[in-house]
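The structure appears right after this line, and notes come after that.
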Amino acid sequence: MTSTPALLTLLLTVATSTAPPYEIESVRLRYTQFHQTGLGYQSAAGPPGAPGSEWARVEQPQAEVTARLGERITERVWIPVDVVTAASPDHSRYGRPYDAVDTVTTASRSTPSGTVDTFTTYHWDRVTDFTMRAAFHSEEPFESWIVGLGASRSFAEDNTVVGVSANQILDWFDHFSLDGNRHGRATRSTTNVNVDVTQVLSQTTLANFSYGGTIQVGTLGNTWSSVQLADGSRGEERLPGHRLRNAATGRVAQWLPWNGALTLSYRAYLDSWGIAAHSSEGTLAQRLPAGLTLRANYRIHWQSAPGFFTIAGDPAGLGFRTSDSDLGRLHAQTFGGALLLDLPLARRARDLHVDIGYERYLRSDNLRVDVTTCAVGFRF
Amino acid sequence: MTSPPRIARGLAALVAVVTLVLATAFAGCVVVPQNRRYSVADPLLRYQTVGVDAPAHQKLSGSRAAAAGGAGTPAGGGCACQ
């Protein structure tokens with residue numbers, strides 16, 4: 001058997017080869033709380049014929065570690081955990097005759113979910129990087145696997161950087177009917193490609209343009225959202241089995257002579273369900289004495305609704321229909337601020353980072369989310 | 001009347017062409033030497049879409065709006081909320 005010595009040689013080589021030096025570059029911890037109030041027609045947690053409650057709270061601790069393995073590999077491991085209360089409409093709080101999926105999944109009360117997200121960068125040479133992403137997400141009735149590959153190359157003495165990437169996501173989750181019965185598992189595939197160009201425009205100006213195209217196939221809803229029908233009852237949501245989504249973003253970042261920075265961006269979106277959206281965002285940051293930075297941001301988003309959106313569906317209808325307020329015609333504004341502290345350290349760590357921030361998300365359909373966040377981290 | 005999928009495909013093709021043209025046109029049109037790029041290299045000008053330092057509102061725009069994606073991130077998938 002000639003293969004046995006070859007295998008032994010390979011195993012010996014692997015066993016005796018030394019691992020590249022492993023060096024932790026940074027460690028970050030963040031805690032964010034999302035507090036949401038509002039009403040939506042997809043929620044049955046309300047009186048008949050009216051939108052139901054969308055009250056929810058999300059507690060989100062996160063950890064991120066970045067490490068360097070030898071000269072060429074940088075590895076980032078990110079672990080966000082979401083504890084979501086009232087993830088699906090809780091009919092029982094309103095004395096509804098049926099309790100929907102709550103009785104089966106308990107998703108209304110509390111749904112912990114977690115993700116392990118790894119991102120590896122291989123520095124091929126001075127101007128070329130290859131990247132790989134692998135992630136797994138799990139929550140009570142839902143699992144998801146994510147893999148991604150990418151490459152970037154810089155030109156003109158690093159003044160231009162062009163990147164491409166592709167991601168594949170497979171979601172696997174319980175399929176429920178509105179009476180709370182489980183009908184096996186459902187799947188959803190999401191395939192995504194991105195093109196990204198970053199250009200230095202001057203000594204103080206940076207521009208970026210990116211395009212992302214995504215194709216989704218399979219069960220594209222969560223299966224427990226209900227649709228408000230014209231006779232006051234509720235029916236199941238029916239969505240098309242495929243969706244092509246396009247998003248293009250332009251961003252300009254300008255360094256300001258008084259130690260500040262202004263970033264402006266615009267995003268256009270269009271998909272095969274007929275939803276169009278425009279989003280603009282501005283961020284102003286100002287460095288202060290003693291390592292402090294003050295940041296303020298504002299974002300406005302407008303979107304149209306698909307043709308099958310309804311708040312009074314035909315009870316006998318067989319076509320596509322949704323009452324999901326997230327798919328409705330709306331505009332949303334987000335404004336917030338943050339205070340950041342970066343302190344150089346003399347021993348063990350290179351610097352300490354601390355930040356605290358607040359954001360408010362306001363939507364034209366009266367949905368409101370208050371976001372509070374704080375973080376601590378070290379760079380080594 | 002042009003159907004939405006046709007418009008979406010048209011937009012996708014248009015944006016892909018514009019991206020390639022911009023990538024080709026910008027490459028080398030401005031060359032700022034490395035020793036004069038300290039301002040554009042400042043972390044304040046950086047924008048992160050994934051990880052601990054990604055803006056908190058990005059989670060909202062991904063899960064509470066019909067229009068996600070772009071900037072290197074997929075539109076949908078990976079979460080029961082979408």
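Read-outs throughout are calculated quantities, based only on the coordinates presented, and are distinct from any laboratory measurement. Nothing here was measured: the structure is a model prediction, and the numbers come from that model. Glycine also receives a Cβ, built like all others from the backbone with ideal geometry; neighbour counts cover every protein chain displayed.
Let me confirm one metric for peptide A:163-170, namely the mean number of other chain beta-carbon atoms within 10 Å of its residues' beta-carbons. Intermediate values should be presented prior to the final figure.
Values: counts 2, 2, 3, 1, 5, 2, 5, 2.
Shielding by partners across A:163-170 averages 3.
Computed from point charges on the beta carbon alone (+1 for Lys and Arg, -1 for Asp and Glu), the dipole magnitude for chain A about its Cα centre is near 600 Debye.
Per residue of peptide A:7-15, the mean number of Cβ atoms on other chains within 10 Å of the residue Cβ is 0. Residues whose amide H lies under 5 Å from that of A:Leu256, counting only those 5 or more places away or on a different chain, are A:Ala261, A:Leu262; hydrogens are built 1.01 Å from N in the peptide plane. Take each peptide in B:33-44, B:51-62, count the other Cβ atoms within 10 Å of every residue, and average; sorted highest first, the result is B:51-62, B:33-44. In sequence order, region A:155-171 has phi-based couplings of 10, 6, 6, 6, 7, 10, 10, 10, x, 10, 8, 9, 10, 10, 10, 10, 9 Hz under the Karplus curve 6.51 cos²θ - 1.76 cosθ + 1.60, θ = phi - 60°, and Gly or Pro positions carry x.
Identify, among A:Ala305, A:Phe173, B:Tyr47, the residue whose Cα sits farthest towards the positive end of the charge dipole of the protein assembly as shown, taking +1 on the Cβ of Lys and Arg and -1 on the Cβ of Asp and Glu, with the dipole about the Cα centre. Going by the Cα projections, it comes out as B:Tyr47. Computed over the Cα atoms of chain A, pair by distinct pair, the Kirkwood hydrodynamic radius stands at 24.0 angstrom.
Helix A:3-16 and the longest principal axis of the Cα set of chain A meet at an angle near 80°. Coupling constants for region A:30-41 follow from the phi torsions by the Karplus curve (6.51 cos²θ - 1.76 cosθ + 1.60, θ = phi - 60°), and in residue order they are 9, 10, 10, 10, 10, 10, 10, 9, x, 10, x, 6 Hz; glycine and proline get x. Computed from backbone phi, the HN-Hα couplings of region A:248-262 come to 10, 10, x, 9, 10, 10, 10, 6, 9, x, 9, 6, x, 8, 10 Hz, rounded to whole numbers (Karplus: 6.51 cos²θ - 1.76 cosθ + 1.60, θ = phi - 60°; Gly and Pro given as x). Estimated from helical segments only, the mean residue ellipticity of the protein assembly as shown at 222 nm is -3000 deg cm²/dmol, where each DSSP H run of four or more residues counts as -39500 (n - 2.57).
Centre-to-centre, using Cα atoms only, region A:34-50 and region A:324-380 are separated by 26 Å. Taking 7 Å steps out from each Cα toward its Cβ at A:Ile79 and A:Thr120 produces label points 1.9 nm apart. Taking amide H as placed 1.01 Å from N in the peptide plane, A:Asp365 has its amide H under 5 Å from the amide H of A:His331, each at least 5 places away in sequence or on another chain.
Kindly identify region A:157-242 as rounded, prolate or oblate by the Cα gyration tensor criterion: order the square roots of the eigenvalues as a ≥ b ≥ c, call it rounded if a/c is under 1.5, otherwise compare a/b with b/c, prolate if a/b is larger, else oblate. Verdict is prolate for region A:157-242. For the protein assembly as shown, with the dipole built from +1 on Lys and Arg beta-carbon atoms and -1 on Asp and Glu ones, taken about the Cα centre, which of A:Ala86, B:Asn35, A:Leu262 lies farthest toward the positive end? Of the listed residues, the answer is B:Asn35.
How would you classify region A:236-380 from its alpha-carbon gyration tensor, with a ≥ b ≥ c the square roots of the eigenvalues: rounded for a/c under 1.5, else prolate if a/b is greater than b/c, otherwise oblate? Prolate is the answer for region A:236-380, as a/c is 1.5 or above and a/b outweighs b/c.
Close amide H contacts of A:Asp158 (hydrogens built in the peptide plane, cut-off under 5 Å, sequence separation of 5 or more or a different chain): none are found.
Across peptide A:199-210, the mean count of Cβ atoms from other chains lying within 10 Å of each residue's own Cβ comes to 6.
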